[in-house]
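Below is one structure, written out as structure tokens, with a few remarks after it.
Laboratory data are not the source of any read-out in this text; all were calculated from the coordinates shown. As the structure is a computational prediction, the values presented were derived from the model and not from experiment. Note: ideal-geometry Cβ built from the backbone for every residue, glycine included; neighbour counts use all protein chains shown.
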Amino acid sequence: MFLLKKGDWEIKKTKKKGWGIFSKIKIGADIVIADYLGMVIKTADYDLENDKKGLYLMYYTDRASIYPDLSRPSPHLINHSCSPNCWMYPYRGHTLFFTLQSIDPGEEFTISYLLSPDDGSCNPCVHVCKCDSENCTGSMHLSKDKYEKWQRFQNTEKKKTKVAKFIFGKNLPMLSSYPKTVPHNPIYTIMCSA
Ligand SMILES: [Zn+2]
Ligand SMILES: [Zn+2]
């Protein structure tokens, strides 16, 4: 769900990527804009064969994943970019989305999907990137180097807060409170550079 006020964002059709989420206001950098909510499912039970792209399943714990309600406009509609203006922040097990830089009215929110490196098992790979940014790698898969850097950072970050309670088969409830901002970290610049 979006943590921005209703009316401060909108869903619009993009030229090449289907739907996208756009800002209607100016937003500063490091601001938490969304929480990736949905049904808590057992990752082992998830039928990946029927969901080749597998883009909406979000890691929660080693056994649990979050699957959003696709019938509602939610952060799952934020498109991938190789030069995203938002990033993910692990907080109490939840995945919060925050702004990496200031966002102008009319600008599309973008994020890196942080897909694991393509080791050949993704065949044929459907994760083609059409973000048109200068750094576009043409793929949503990360390089091995970046992926490992990100995993290391995320694992340390995750330990800083305790995973919020959840029940399998139920929607992950909102947190009772959210941080307004996310601390700056050079990792994001590294991850976004070519
Ligand atoms: Zn792929
Ligand atoms: Zn790209």
Going from the fewest other Cβ atoms within 10 Å to the most, one would list Ser176, Ser116, Ser23 as Ser176, Ser116, Ser23
Listing Met58, Met1 by rising number of other beta-carbon atoms within 10 angstrom, fewest first, gives Met1, Met58
Lys and Arg at +1, Asp and Glu at -1: neighbours of Pro124 with Cβ under 12 Å from its Cβ sum to +1
Rounded to the nearest 500, the 222 nm mean residue ellipticity computed for the chain from DSSP H runs (n ≥ 4, each -39500 (n - 2.57)) alone is -3500 deg cm²/dmol
If Ser83, Ser133, Ser112 are placed from fewest to most neighbouring beta carbons inside 10 Å, the sequence is Ser133, Ser83, Ser112
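Filter the trypsin sites (Lys or Arg not before Pro) in the range 142-194 to those in DSSP coil with at most 11 other Cβ atoms within 10 Å of their Cβ, and list the result. Mind showing how you got there, number by number?
Numbers: sites: Lys144, Lys146, Lys149, Arg152, Lys158, Lys159, Lys160, Lys162, Lys165, Lys170, Lys180; in loops: Lys159, Lys160, Lys162, Lys165, Lys170, Lys180.
Here the sparse-neighbourhood loop sites are Lys159, Lys160, Lys162, Lys165, Lys170, Lys180.
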Percent relative contact order for the chain, counting Cα pairs under 8 Å at least six residues apart, stands at 26 percent
Taking the alpha-carbon centre of each part, the distance from the range 134-194 to the range 25-79 in Å is 12 Å
Mean-square fluctuation maximum in Gaussian network of the chain, Cα pairs under 10 Å, restricted to Ala34, Ala164, Ala44, hits Ala44
